[in-house]
Amino acid sequence: MIAALALAWLLLPGPAAAPADSTQAWQAWPIDPAQSQVQFSVRKFWFAHVRGTFPALSGTLRRIDSHTGTGKVEVDADLAIAGLVMDDADDRAHALGSGFFNAVRFPSIHFDSDPFPLDELASGGSLRGMLSLHGERRQVTLALLPSDCPRQPLECVIRVRGTISRSAFGMRSWRGVLSDKVELDLRISLSHPGSPG
């Protein structure tokens with residue numbers, strides 16, 4: 001009888017392990033729309049440029065690995081095409097129309113990055129991911145620029161630049177007027193971190 005009780009005691013489950021600190025593994029920094037924007041530039045007639053700004057980029061930078069110094073993050077970002085700002089009203093109307101962004105049919109642009117090392121927010125690197133634009137979803141590679149404050153890169157503006165082909169996204173109108181290459185310049189500011197819901 002005593003032996004049976006001892007065996008039963010040994011088989012009892014031990015105390016449950018404390019849950020991991022989920023805030024470390026899944027930290028999230030919201031993109032501040034009031035301080036973040038996307039600028040684009042397209043060459044016109046090979047000697048001038050058409051420029052525009054989307055002044056309210058939104059989304060999230062998420063940390064997906066809790067290992068200090070080797071953590072990885074990913075970016076998920078959106079912007080509304082109707083918010084486009086351009087100096088010339090006619091240029092804006094053409095850009096929002098069916099021959100370019102077609103804002104009525106495709107009202108937003110979305111980018112979700114591949115995971116990349118957190119350290120590259122300080123040092124710079126390649127930012128790869130999927131860009132959804134004009135009804136097309138394509139892999140793109142952008143350049144993450146070195147931070148102006150490498151010791152605290154999350155506290156400074158994150159700069160991203162790159163070039164995409166508009167024809168790759170089905171934007172083939174105005175080919176005799178506008179270049180196929182679209183230059184992008186992103187400025188991203190982050191809010192205080194939180195935990196994704």
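What are the residue pairs meeting all of these: first residue in segment 149-163, first residue over 12 Å from Asp119 (Cα atoms), second residue among the small types (Gly, Ala, Ser) and assigned to a strand (DSSP E or B), Cβ atoms under 8 Å, and 6 or more apart or on different chains?
Hits for this filter: Val160/Ala143; Arg161/Ala143; Gly162/Ala143.
Do any strands (runs of 3 or more DSSP E) lying entirely in segment 86-155 carry at least 1 residues that are more than 19 Å from Gly59 (Cα to Cα), in contact with a Ser or Thr (Cβ under 6 Å, 6 or more places away or on another chain) and among the hydrophobic types (A, V, I, L, M, F, W, C), and which ones are they?
Counting at least 1 such residues, we get no strands (runs of 3 or more DSSP E) at all.
Can you report the number of residues in segment 71-103 which are more than 23 Å from the chain's Cα centre (by Cα) and more than 15 Å from Gly170 (Cα to Cα)?
Of the residues in that region, 8 qualify.
Can you confirm whether Arg92 is among the basic types (Lys, Arg), surrounded by fewer than 17 Cβ atoms within 10 Å (Cβ to Cβ) and without any contact (Cβ under 8 Å) to a residue 40 or more places away in the chain?
no
I'd like to know if segment 124-139 contains one or more residues that are within 23 Å of Ala34 (Cα to Cα), under 18 Å from the mean Cα position of the chain (by Cα) and surrounded by fewer than 19 Cβ atoms within 10 Å (Cβ to Cβ).
Yes, that holds for at least one residue.
Among the residues in segment 75-82, are any in contact with an Asp or Glu (Cβ under 9 Å, 6 or more places away or on another chain) and either closer than 23 Å to Gly176 by Cα or not aliphatic (A, V, I, L, M) (or both)?
Yes; the residues of segment 75-82 include at least one that is in contact with an Asp or Glu (Cβ under 9 Å, 6 or more places away or on another chain) and either closer than 23 Å to Gly176 by Cα or not aliphatic (A, V, I, L, M) (or both).
Could you grab me the full set of residues in segment 156-181 that are touching a helix residue (DSSP H, G or I) at 6+ places or on another chain (Cβ under 9 Å) and assigned to a strand (DSSP E or B)?
The answer is Ile158, Asp180.
Just to be sure I understand the filter: pairs with C-beta atoms under 7 Å, separated by 6 or more residues or on different chains, first member in segment 62-79 and in a loop (DSSP other than H, G, I, E, B) and surrounded by fewer than 17 Cβ atoms within 10 Å (Cβ to Cβ), second member modelled with pLDDT of 85 or more and β-branched (Val, Ile, Thr). Which pairs pass?
Short answer, once both residue conditions are applied: Ile64/Val73.
Looking at segment 158-173, which of the residues that are surrounded by fewer than 17 Cβ atoms within 10 Å (Cβ to Cβ) and not small (Gly, Ala, Ser) is farthest from His110 (Cα to Cα)?
Ranking the candidates gives Arg172 first.
Where residues in segment 174-197 are small (Gly, Ala, Ser), modelled with pLDDT under 80 and within 17 Å of Thr60 (Cβ to Cβ), which of them is surrounded by the fewest Cβ atoms within 10 Å (Cβ to Cβ)?
The qualifying residue surrounded by the fewest Cβ atoms within 10 Å (Cβ to Cβ) is Gly197.
The values are calculated or read from the model by the stated rules, or taken from the named source; none is laboratory data. What you see is a predicted model, and the numbers here were worked out from it, not measured in a lab. Here the Cβ is made from the backbone with ideal geometry for all residues, glycine too, and neighbour counts use every protein chain on show.
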